[in-house]
Amino acid sequence: MNKGLTMRLIPALIMAGFAGAASAAGFQLLEQNASGIGNAYAGSAAVADNASTIFYNPAGMTQLQEREFSVGVSAVKPSFNFTDKGSSVGNLAGSGDGGDAGGWGFIPNAYLSWALTKDLYVGLGISGPFGLKTEYDDRWLGAAQGVKFDIKTLNINPSVAYRLNDKVSLGAGLNWQRIDAEYVRMAATTTVGTSHVVSTMKLDDDAWGWNVGALFTLSPSTKVGLSYRSEVKYHTTGDVKLADDGTGLGTATAAGLIAAGRQSDLKAKITLPDTFIASVSQQLSDKWEMLGDISWTGWSSIPKVDIMRTSGALNGLNAQTLDTDFRDTWRVALGANYKYNDAWKLKFGVAYDETPVKRAATRLASMPDNNRLWFSTGAQWMPTKTSKLDLGLAYLYVKDSKINNNQTASGRGTLTGEYEASVWILGAQYSMAF
């Protein structure tokens, strides 16, 4: 097999398992473990009770046993139901509200930590920190603005941690990250004159980022964790292809365009946001533990996405712009653990998560996001002193989202209406020391 093809296929095959549906605001995926679901990810940078701390705060590895691994999967089911409130799309698309644009996504993770000495640890994490999939009925009312939008990421995170003393530990990591994006819509072009052409844009790239963390043991019952993950800057490339959707084109010019198959190569720059987390873990008694979390995400790194043509007759021109106009966001979470007995721990959590979408005019059909409330519960079972199984369940109430996205100047009409949305999350995590 061609070596270049092999190097592209390997991460593509791995990413097939990282089919994520956005659960946090924007298209961020908090589910880099399943053990935090029961607490709504409160205390994520301070808990450090399994090897998944490599993602949330690598300094937490110093709290683990000599060697530990942790594997898990989260199943995410968002629901996005659109109701038309006077859209004006002309003959650019079809009819109907598009059905439920949400669907099941599965987010696996795997981590390994290893103590080289009593104070120096190394680790490796594999996860998918960003992801999104929305998919409507092919010929729905807003098909000219979006039929399918699918983002997948894969993050490989080698890390190191060092215990300075009994009070302070520091950690850091490198992140190799890959992104694959697909955007499908009904093309509205003056050349074709109908909306019977499907435009499929695909873009991908890989890039590097970094993360650091610190863990402070203020007392035997109190821990504070601080963690920062850098931006990841992509220079994606790909192509756009046109195809008949099966309804018939009706013009020789349109048929020739479809026969060509590939209209042009593409490129687009996108900077995925940085994040900062401050967490606390407080043991209140032998039975109760309280957890807190406040986090910030720099979504303003994506003011818009310009997708440019790099070949063909329109080389150098804009193929499409996604006017996201994102803002930075905050998330606050509070959790509690109750130790039922030596084998069982019960988990609870609530959180408030801001959306990066500013207003109805910049809300995209591909990402009908809004502020959300988390309601979480879960349990941890320890069958032995060196193994544990975490189970989590969360329901996310998403505020109804208004959309009034005017893309008439680009030939895609105005989509006006309201989304009713919610998210369910189920997860399981197995961790073991060896």
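Can you spot a residue in region 228-250 that is farther than 24 Å from ILE307 by Cβ, surrounded by 14 or more Cβ atoms within 10 Å (Cβ to Cβ), modelled with pLDDT of 95 or more and more than 26 Å from the chain's Cα centre (by Cα)? No, that holds for no residue. Taking residues in region 55-73 that are in a helix (DSSP H, G or I), and partners anywhere that are of a type in the set (Lys, Arg), the pairs with Cβ atoms closer than 8 Å and at least 6 places apart or on different chains are THR62/ARG163.
Yes or no: region 74-82 includes at least one residue that is among the small types (Gly, Ala, Ser), more than 30 Å from GLY173 (Cα to Cα) and either assigned to a strand (DSSP E or B) or in contact with a Cys (Cβ under 9 Å, 6 or more places away or on another chain) (or both).
So far as region 74-82 goes, yes, one or more of its residues are among the small types (Gly, Ala, Ser), more than 30 Å from GLY173 (Cα to Cα) and either assigned to a strand (DSSP E or B) or in contact with a Cys (Cβ under 9 Å, 6 or more places away or on another chain) (or both).
Cβ-Cβ contacts under 6 Å between residues 6 or more apart (or on different chains), taken from a first residue in region 321-345 that is on the phi > 0 side of the Ramachandran plot to a second residue that is crowded, with 18+ Cβ neighbours inside 10 Å, are listed as ASP325/THR362.
If we keep just the residues of region 406-425 that are assigned to a strand (DSSP E or B) and surrounded by fewer than 16 Cβ atoms within 10 Å (Cβ to Cβ), which is farthest from the chain's Cα centre (by Cα)? Among those residues, the one meeting the criterion is ASN406. Among the residues of region 305-324, the ones that are assigned to a loop (DSSP other than H, G, I, E, B) and either modelled with pLDDT of 95 or more or more than 26 Å from ASP369 (Cα to Cα) (or both) come to 8 in all. Can you find a residue that is of a type in the set (D, E, K, R) and either in a strand (DSSP E or B) or within 20 Å of LEU322 (Cα to Cα) (or both) anywhere in region 110-120? No, region 110-120 contains no residue that is of a type in the set (D, E, K, R) and either in a strand (DSSP E or B) or within 20 Å of LEU322 (Cα to Cα) (or both). The residues of region 122-149 that are under 19 Å from THR321 (Cβ atoms) and assigned to a loop (DSSP other than H, G, I, E, B), listed by number, are GLY142, ALA143, ALA144, GLN145, GLY146, VAL147.
Can you confirm whether MET432 is in contact with a Ser or Thr (Cβ under 8 Å, 6 or more places away or on another chain) and closer than 22 Å to MET186 by Cα? For MET432, the condition - in contact with a Ser or Thr (Cβ under 8 Å, 6 or more places away or on another chain) and closer than 22 Å to MET186 by Cα - is not met. Scan region 150-171 residue by residue and report those that are part of a strand (DSSP E or B) and over 13 Å from the mean Cα position of the chain (by Cα). Passing the criteria: ILE156, ASN157, PRO158, SER159, VAL160, ALA161, TYR162, ARG163, VAL168, SER169, LEU170, GLY171.
Residue-by-condition table, conditions (1) buried (at least 24 other Cβ atoms within 10 Å of the Cβ); (2) at negative phi; (3) over 18 Å from the mean Cα position of the chain (by Cα):
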position	(1), (2), (3)
LEU30	yes, yes, no
ALA34	yes, yes, no
ALA40	yes, no, no
ALA46	yes, yes, yes
ALA59	yes, yes, yes
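Sort out which residues of region 79-105 are over 17 Å from GLN145 (Cα atoms) and modelled with pLDDT of 95 or more, and write them in order of number.
SER79
Which one is farthest from LYS202 (Cα to Cα), of the residues in region 283-319 that are of a type in the set (S, T, N, Q) and in contact with an Asp or Glu (Cβ under 7 Å, 6 or more places away or on another chain)? Of everything passing the filter in region 283-319, GLN283 is farthest from LYS202 (Cα to Cα).
One line per residue, one yes/no per condition, for (1) assigned to a strand (DSSP E or B); (2) crowded, with 17+ Cβ neighbours inside 10 Å; (3) modelled with pLDDT of 95 or more:
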site	(1), (2), (3)
PRO356	no, yes, yes
LEU393	yes, no, yes
LYS399	yes, no, no
ASN404	yes, yes, yes
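Of the residues examined, ASN370 is one that is under 27 Å from GLY99 (Cα atoms), touching a strand residue (DSSP E or B) at 6+ places or on another chain (Cβ under 7 Å) and part of a loop (DSSP other than H, G, I, E, B). Name the single residue that is nearest to LEU226 (Cα to Cα) among those in region 265-311 being among the small types (Gly, Ala, Ser), more than 23 Å from the chain's Cα centre (by Cα) and surrounded by fewer than 19 Cβ atoms within 10 Å (Cβ to Cβ). In this case the residue turns out to be SER285. The residues of region 327-353 that are more than 15 Å from GLY378 (Cβ to Cβ) and crowded, with 22+ Cβ neighbours inside 10 Å, listed by number, are THR329, ARG331, ASP353.
The values are calculated or read from the model by the stated rules, or taken from the named source; none is laboratory data. Nothing here was measured: the structure is a model prediction, and the numbers come from that model. With ideal geometry, Cβ positions are generated from the backbone for all residues, glycine too; neighbour counts draw on all protein chains shown.
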